[in-house]
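Written out below as structure tokens is the structure these notes cover.
The values are calculated or read from the model by the stated rules, or taken from the named source; none is laboratory data. These figures come from a predicted structure and were not determined experimentally. As a convention, Cβ positions derive from the backbone with ideal geometry for all residues, glycine included, and neighbour counts pool all protein chains shown. Remember, those area values only see protein heavy atoms, side chains included, never the ligands or the DNA or RNA. Shrake-Rupley method; radii C 1.70, N 1.55, O 1.52, S 1.80 Å.
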Amino acid sequence: LRKLDLLTAEEAGQAQEASSLPEQVRAVVDVLAGKGSYASQSLQTFIETTNSQLYLHITDYEPMVQKHLESLQSYYGNGLETGPLQRLTNLLLVEGLTDIQQKEHDILQIEATKGLRNVSKSIPLEKLFLPLSKVSIPPRISVTIGVAGIGKSTLVKLFVYTWAKGEINRDIMFVLPLTFRELNTYEKLSAERLICSAFPHITEPNCISAGAARTLLILDGLDEFKTPLDFSNTVVCTDPKKEIQVDNLITNIIRGNLLQEASVWVTSRPTAASQIPGGLVDRMTEIRGFRAAEMKDFLDEMFLDNRDLSSQVLHHIRANRSLHAMCTVPGFCWISGSSIGYYLKNSTDQSQETTVVPKTLSEIYSYYFKMALSSDWPEKPRETLRIEQAVNNSKKIVGSLGRLAFYGLLKKKYVFYEQDMKAYGIDLSLLQSSLCSRLLLKEEMQSFTAYYFFHLTIQEFLAAIYYYTAAKRAIFDLFTESGMSWPKLGFLNHFKSAVQRSLQAEDRQLDIFVRFLSGLLSPQVNKLLSGWLLVKDEHNSFRNQAISFLQGCLNTNYVISSRAVNTMHCLHEIQHTEIAKTVEEAMKNENLAGMLTPVNCSALAYLLQVSDVCMEETNLSNCLTYNVCKSLLSQLLFCHNLRLDNNQFKDNVMELLGSVLSVKDCQIQKLR
């Protein structure tokens, strides 16, 4: 163009400074636009005769890109409020997954870490796919992790919409957002059919598969994928036109056998992210939860017309250390805020003796369900029914959804399709009811309709209600869906079976389910749900024996693990707090010496997470022996300020403490 005297040296230099070919083209066209028809005609002739990648870009790619941008703006801009999403514009830069993230349930991760990660580095969203320094290269495989309800899908929507408006990463020509919910509906796919099926307007998928256009492929929600990824047995495929099993397609893309030039961004809950070998991940980021001011703003937005109520809800959340940590997650904060708000609005109508501020998980979810079952939902109910009819309909819906939730939980299935609904005998017309819309979210795409619970914990609570109800009459093991098992009679036998399975499960995915199951035996929850989902006072027949069984699970000389802590949470849910109170009182008075039996050590490990006594400083002076210290070691990791003086420690204990301080999970900031 310089030789044709269509550009000055300065104009050519400015165009050349653009970061990518599409940007250079736009810069040149902008300059030539003001130079008349002769200039544009000369440019067209020049491009055609050189037969360059530029000609292909203008004639084929640019119209596709334009259509793609319009499509994404239309779909992702709908209902996306960018104001409250400031938290998502800065991600934590982390070095791989910690042990607790790989092994523990999301809720246990939040409780142990108090919702805070010991991470100092962060990265702005607009730099997520750029090199970290001048000598490094852009990441090919990026993974963003976050617990359920933290905002992973919202982050993807925000990124895609911001990119489609041309505000970030303009060097990327195609951003292709896909969800694992969509991928679940296919058995076999080729790389090119994957692109064409999801984005019909991309008529030349070979420009992406051949690497001619810089592309970012987004795979959102690995934890919702129906098939675990097996990288050790991947059948290698390098042909973008060859149809293979969908899980093999994903592993081949991540390994770089397919779409080698494309960048890939995977979002996932932490435990599912551990399926991807660390050696394949170039960059890992994590979504942080709410800070104090953000939690306040979120609740103010929830109770827009009643700021006093918002302040009261926040006060109750802050008063409960464990609840406050969990409310750093927006999805959980919404459920807790709704429940406490519902309690506060209705507690004035009842005597304070019959109502208690919801503190346990089971109480919070009981209020949430009571609100969903009643006419007090924030939105107007779609139908008006007589009370008896409403109760019967509710029981039917909760029973049907509960069975789906329970067996889904066992299979690690969190997304359901119409065929799943039919398989579990759920009438699709029931899904149109107000109650269903309050528990289930519905996503309609061109080729499928997907359903998923508003939050993972909603699925777990429904599963617990189903199991609790079914266990009273079941004669076979409910964990065997086919019903073929040794006979198992009586609620308590089924309760014990559930707790034992939770304690033995390696993936810890039943921990919150058994907490809810225990909570359904508490007097307060029975009072809240009797007449709707539970029979009044029926818990009295089982409660004491269930408590004895749970306490028996603590009588072990083994290491105090998160399993023991979860059993203590179960006792808290069932409203048996005597052990914890005794140990907490001894901690306050510094009288723990000589009383740290295995049961009391479990209570101490539990208190390290939830007690206000440990908030500023965890004082374990003059009470630990080598064996006690060793048994508590995995729980001491999460204390910020740890006081261990006057314990007469010898070198062997110092070696133990040294090993703790070097662990990636370690949160200790100060040690005496």
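Would you check if there is a residue in segment 641-659 being in contact with an Asp or Glu (Cβ under 9 Å, 6 or more places away or on another chain) and either in contact (Cβ under 8 Å) with a residue 40 or more places away in the chain or open to solvent by 50 Å² or more (accessible area, probe 1.4 Å) (or both)?
yes
Among the numbered conditions (1) at pLDDT 95 or above; (2) open to solvent by 10 Å² or more (accessible area, probe 1.4 Å); (3) not aromatic (Phe, Trp, Tyr), the only one that Glu573 does not meet is (2). Selection of segment 112-130 for residues being touching a Ser or Thr at 6+ places or on another chain (Cβ under 6 Å) and of a type outside the set (Phe, Trp, Tyr) yields Gly115, Leu125. Restricting to segment 195-246, name every residue that is closer than 29 Å to Lys413 by Cβ, open to solvent by 40 Å² or more (accessible area, probe 1.4 Å) and acidic (Asp, Glu). Selection gives Asp230, Glu243. If you go through segment 442-454 one residue at a time, how many are surrounded by fewer than 20 Cβ atoms within 10 Å (Cβ to Cβ) and within 14 Å of Ser153 (Cα to Cα)? The total comes to 2.
Which of the residues that make up segment 141-172 are more than 19 Å from Leu93 (Cα to Cα) and charged (D, E, K, R)? Those that are more than 19 Å from Leu93 (Cα to Cα) and charged (D, E, K, R): Lys157, Lys165, Glu167, Arg170, Asp171.
The residue list Asp239, Asp247 contains one member that is touching a Lys or Arg at 6+ places or on another chain (Cβ under 9 Å), of a type outside the set (Ser, Thr, Tyr) and over 26 Å from Leu93 (Cα atoms), which is Asp247. Among the residues making up segment 412-432, those that are surrounded by 19 or more Cβ atoms within 10 Å (Cβ to Cβ) and part of a loop (DSSP other than H, G, I, E, B) are Tyr414, Val415, Ile426.
Is segment 129-144 home to any residue that is in a helix (DSSP H, G or I), polar (S, T, N, Q) and within 21 Å of Ala273 (Cβ to Cβ)?
Restricting attention to segment 129-144, the residues satisfying the condition of being in a helix (DSSP H, G or I) are none.
Among the residues of segment 129-144, not one is in a helix (DSSP H, G or I), polar (S, T, N, Q) and within 21 Å of Ala273 (Cβ to Cβ), which makes the answer no.
Exactly one condition in (1) surrounded by fewer than 21 Cβ atoms within 10 Å (Cβ to Cβ); (2) in a helix (DSSP H, G or I); (3) hydroxyl-bearing (Ser, Thr, Tyr); (4) outside the structural domain of Tyr466 (by the TED database) is false for Ser497; which is it? Failed condition: (4).
If a residue counts only when it is over 35 Å from the mean Cα position of the chain (by Cα), more than 30 Å from Gln667 (Cα to Cα) and modelled with pLDDT under 70, which helices (runs of 4 or more DSSP H) contained entirely in segment 1-119 have at least 3 such residues?
Passing ranges, in order: 21-32, 36-50, 53-56.
Return the residue satisfying two criteria in turn: it lies in segment 320-338 and is hydroxyl-bearing (Ser, Thr, Tyr) and under 14 Å from Phe298 (Cα atoms), and of such residues it is nearest to the chain's Cα centre (by Cα). Only one residue fits best here, namely Thr328.
Pairing each residue of segment 206-226 that is within 18 Å of Ile141 (Cα to Cα) with any residue that is in a loop (DSSP other than H, G, I, E, B) and of a type in the set (D, E, K, R), provided the two are 6+ apart or on different chains, yields C-beta distances under 7 Å for Gly211/Glu261; Arg214/Asp171; Asp223/Arg269.
Return yes when Glu443 is among the charged types (D, E, K, R), assigned by the TED database to the domain that holds Lys396 and in a loop (DSSP other than H, G, I, E, B) and no when it is not.
no
Only one entry of Ile253, Ile276 meets the criterion of being assigned to a helix (DSSP H, G or I) and buried (at least 17 other Cβ atoms within 10 Å of the Cβ), and that entry is Ile253. Just one of the numbered conditions (1) closer than 30 Å to Ala505 by Cβ; (2) among the hydroxyl-bearing types (Ser, Thr, Tyr); (3) at pLDDT 95 or above is not true of Ser400: (3). Condition first: of a type in the set (Val, Ile, Thr), touching a residue at least 12 places away in the same chain (Cβ under 8 Å), assigned by the TED database to the domain that holds Gly279 and in contact with a Gly (Cβ under 7 Å, 6 or more places away or on another chain). Can you find one or more residues in segment 86-109 that meet it? Taking every residue of segment 86-109 in turn, none turns out to be of a type in the set (Val, Ile, Thr), touching a residue at least 12 places away in the same chain (Cβ under 8 Å), assigned by the TED database to the domain that holds Gly279 and in contact with a Gly (Cβ under 7 Å, 6 or more places away or on another chain).
For every residue, the table says whether it meets (1) buried (at least 22 other Cβ atoms within 10 Å of the Cβ); (2) hydrophobic (A, V, I, L, M, F, W, C); (3) within 32 Å of the chain's Cα centre (by Cα).
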| site | (1), (2), (3) |
| --- | --- |
| Ala580 | no, yes, yes |
| Glu590 | no, no, no |
| Glu616 | no, no, yes |
| Asn622 | no, no, no |
| Gln635 | yes, no, yes |
| Lys664 | no, no, yes |
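Looking across segment 515-553, just one residue is more than 17 Å from Leu492 (Cα to Cα), of a type in the set (A, V, I, L, M, F, W, C) and open to solvent by 40 Å² or more (accessible area, probe 1.4 Å), and that is Trp532.
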